[in-house]
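First up is the structure itself, then whatever we jot down about it.
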Amino acid sequence: MFYEKVKESADFIREKLSEIPKTAIILGSGLGGLVDFMEEKCVIPYAEIPNFPKSSVAGHAGNFVVGKIGGKLIAAMQGRFHYYEGFSARELCYPLYVMKLLGIENLIVTNAAGGVNRDFKPGDLMIIDNYINFIRVNPLIGDNDDRFGPRFPDMSEPYSPVIREKAENAAKKLGIDYKRGVYALFNGPCYESAAEIRAFAALGADAVGMSTVPETICGNYLGMEVFGVSCITNMATGIATVKHSHEEVVRVANEASEKLCAWMKELVVSI
Ligand code: HPA
């Protein structure tokens, strides 16, 4: 049943495209601007895709966009789904199953995150080396369909070393400074307490956010090469000297977006 639903969504998208990309990128809060760099675009609103979830967060448009960037065909999710919106972890990963049936092999995930590592500052970009799933919810809970992936997928290398190396080369070529670190998932929608951030820091987190981990787990399960990058939009609670606001997160993400877009453009051309 699930497989048939996913197939219906994938067939709908495939019919609109003359060619299927190998790489998809999920654009986080304030980072949707990458779509402006895309040429020969086919924009498919989520609302039109049968069985697709619908996004509700300010700063997140809801479009599945296929087009060329630097001459390379990619798919972009302009707007993602979050656990705090009330989706189950499986539902919010629904687009990945659709991508799998379309034949997409590489998944780039981007997000806005709070800096837990005190060496970071707002505006920094961080390659995600690993994750901690603090909310313990897993998108793979439920029946397993072996046509998608194994019951017990390995997570010893959730982020592709091959794409990471390409990303590092691309950053060096462009003179873009970046950090590397561990991304911790907090369920939200409230920001973390200062005590939670102290606990996360002690447990090895460098950045904290409300997305990306379910997609990372699901992408690995589906056999995709996953690469992740966080835009540090603010220092996390207790490290920051001001209160958080979503407007500020989106503003800093928008500011860093030019640098991130240039980087991702260089990266997708190389994979
Ligand atoms: N915490 C959680 N998610 C976030 C943050 C934060 O400080 N900043 C941007 N997304």
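Per-residue answers, yes or no, for (1) buried (at least 18 other Cβ atoms within 10 Å of the Cβ); (2) assigned to a strand (DSSP E or B):
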site	(1), (2)
14	no, no
25	yes, yes
43	no, yes
47	no, no
87	yes, no
Any residue in region 197-219 that is closer than 29 Å to residue 101 by Cα, at pLDDT 95 or above and surrounded by fewer than 20 Cβ atoms within 10 Å (Cβ to Cβ)? no
Could you check how many residues of region 225-242 are without any contact (Cβ under 8 Å) to a residue 60 or more places away in the chain and more than 11 Å from the ligand (Cβ to nearest atom)? 2
Determine, yes or no, whether residue 67 is in contact with a His (Cβ under 6 Å, 6 or more places away or on another chain), open to solvent by less than 10 Å² (accessible area, probe 1.4 Å) and either over 20 Å from residue 167 (Cβ atoms) or in contact (Cβ under 8 Å) with a residue 40 or more places away in the chain (or both). no
Can you confirm whether residue 180 is under 16 Å from residue 231 (Cβ atoms) and among the basic types (Lys, Arg)? yes
Going by the conditions given, is residue 96 closer than 27 Å to residue 250 by Cα, at pLDDT below 95 and open to solvent by less than 30 Å² (accessible area, probe 1.4 Å)? no
With respect to residue 152, determine if the residue is surrounded by 15 or more Cβ atoms within 10 Å (Cβ to Cβ), aromatic (Phe, Trp, Tyr) and more than 14 Å from the ligand (Cβ to nearest atom). no
Quickly run through region 213-271 and pick out the residues that are touching a helix residue (DSSP H, G or I) at 6+ places or on another chain (Cβ under 7 Å), over 23 Å from residue 176 (Cα atoms) and polar (S, T, N, Q). 237
Filtered residues of region 214-268 (kept if over 22 Å from residue 84 (Cα atoms) and among the basic types (Lys, Arg)): 259, 265
(1) closer than 15 Å to residue 206 by Cβ; (2) away from the ligand (no atom under 14 Å from the Cβ); (3) surrounded by fewer than 16 Cβ atoms within 10 Å (Cβ to Cβ) all hold for residue 121 apart from (2)
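Every residue, every condition in (1) under 18 Å from the mean Cα position of the chain (by Cα); (2) assigned to a loop (DSSP other than H, G, I, E, B); (3) basic (Lys, Arg), yes or no:
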site	(1), (2), (3)
117	no, yes, no
122	no, yes, no
137	yes, yes, no
147	no, yes, yes
167	yes, no, no
170	no, no, no
Region 162-174 residues that are acidic (Asp, Glu), paired with ones that are not in a helix (DSSP H, G or I) (beta carbon under 8 Å, 6 or more apart): 168/127; 168/178
Test residue 191 against the criterion of being assigned to a strand (DSSP E or B) and crowded, with 16+ Cβ neighbours inside 10 Å, and give yes or no. no
Would you point out the residue of region 99-118, among those that are away from the ligand (no atom under 12 Å from the Cβ) and among the aliphatic types (A, V, I, L, M), that is surrounded by the most Cβ atoms within 10 Å (Cβ to Cβ)? 99
Filter region 173-188 down to residues that are closer than 14 Å to residue 135 by Cα and not in a strand (DSSP E or B) and give me whichever is farthest from the ligand (Cβ to nearest atom). 187
Suppose the filter is modelled with pLDDT of 95 or more and of a type in the set (Lys, Arg); does residue 54 pass it? no
Leading residue by the ranking (nearest to the ligand (Cβ to nearest atom)) among those in region 243-271 that are more than 18 Å from the chain's Cα centre (by Cα) and either surrounded by 17 or more Cβ atoms within 10 Å (Cβ to Cβ) or not in a helix (DSSP H, G or I) (or both): 244
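The values are calculated or read from the model by the stated rules, or taken from the named source; none is laboratory data. Keep in mind the model is a prediction, meaning the values are calculated, not measured. So basically every Cβ, Gly included, is an ideal-geometry build from the backbone, and we count neighbours across all protein chains shown. Ligands, DNA and RNA are excluded from the accessible area calculation, which covers all protein heavy atoms including side chains. Shrake-Rupley method; radii C 1.70, N 1.55, O 1.52, S 1.80 Å.
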